[in-house]
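The values are calculated or read from the model by the stated rules, or taken from the named source; none is laboratory data. Computed from a predicted structure; not experimentally measured. Virtual Cβ from ideal backbone geometry, glycine too; neighbours counted across all protein chains shown.
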Amino acid sequence: MDQTLQAQIESYLSQLDSLIRRGRDLCGLLAAEPSDTFAVTAVRVWQQDVGITVNQLSGGSKAHWLARSFSEAFLVRATDGGAIEEVAPEEIVTRLLGVLEQAVASLSRKDAVPFLSASAETPAPRRFEFVHNTDLRPVLESAYSESRRALEGEHFDLALRTSCGILEAIITDALEHKGLAALLASGAPAGNISDWSFDTRIAVAERTGLIRNGCARLPAVARTYRHESEPAPPVSERDARQAGQVLNVIMRDLDPGR
């Protein structure tokens, strides 16, 4: 097997391992609190990420066995053979974990070449089309990928700081698009948006209805990520993952069509 293909396989295996670990964490959250809004939203984000990876591995073909397994994970059969559309979130996560484990098994085989043959041409997803500043979009896309790599590489401080930087950037973009006059009418503080603290930007965005209250789940260390002059508290894996989850929730708020 040539080095390029081996590197591609290792990259996919790393993605799959990260998705599996996130899925298992979500199972724990749902088991503890099945109706928790944040957990349910995090599951939807995770399902979307699983779908992206499955689409890449199946070369965009819905007829591929992996794509079919992904689709079937959302269905349950009634006793009469008819399809029931709704499945409990925890059950869906468990089924999708099984799909991911099948993908790992296929990639771990010596004859994984056909499995990957169609996936190389699949374009990367565009996550930041909702950002009004078009020059900012590719920067955010690159930073988003970097935050995922940092998390997978267990560089939790970098992962958290990158996620928070993206979060602040997309909230600032939404505030600027709203316009300072409209923000002031809603009780925003005077002065330039660029002079506001991270917490102030979050609060104003919530007050004006640009985002909901997902940022309430940000760990304390995330809210002070820009305070370079202060001793930085240690960043745990839980902190880093939670910051990434909040980022995805706010991305959904700003782009409801995701």
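For this structure, a couple of remarks:
- The number of residues in region 92-116 that are of a type in the set (Ser, Thr, Tyr) and modelled with pLDDT of 90 or more comes to 1.
- With respect to the stated conditions, PHE70 fails to be modelled with pLDDT of 85 or more and assigned to a loop (DSSP other than H, G, I, E, B).
- Filtering region 146-177 to residues that are closer than 19 Å to ASP135 by Cβ and either touching a Gly at 6+ places or on another chain (Cβ under 6 Å) or not acidic (Asp, Glu) (or both) leaves THR162, GLY165, ILE166, LEU167, ALA169, ILE170, ILE171, THR172, ALA174, LEU175, HIS177.
- Filter result for SER119 (at pLDDT 85 or above, surrounded by 17 or more Cβ atoms within 10 Å (Cβ to Cβ) and under 22 Å from ILE20 (Cα atoms)): no
- Of the candidates GLU152, GLU168, GLU176, the single residue that is closer than 28 Å to ASN192 by Cβ, out of contact with any Phe, Trp or Tyr (no Cβ under 6 Å at 6 or more places or on another chain) and surrounded by fewer than 20 Cβ atoms within 10 Å (Cβ to Cβ) is GLU176.
- When region 26-67 is filtered for residues that are in a loop (DSSP other than H, G, I, E, B) and buried (at least 16 other Cβ atoms within 10 Å of the Cβ), the ones remaining, listed by number, are SER58, GLY59, HIS64.
- Of the helices (runs of 4 or more DSSP H) entirely within region 159-258, those holding at least 1 residues that are under 26 Å from ARG44 (Cβ atoms) and not assigned by TED's automatic domain parsing to the domain that holds VAL45 occupy 198-207, 220-223, 237-254.
- Given (1) crowded, with 17+ Cβ neighbours inside 10 Å; (2) modelled with pLDDT of 95 or more, number of the condition ARG241 does not satisfy: (2)
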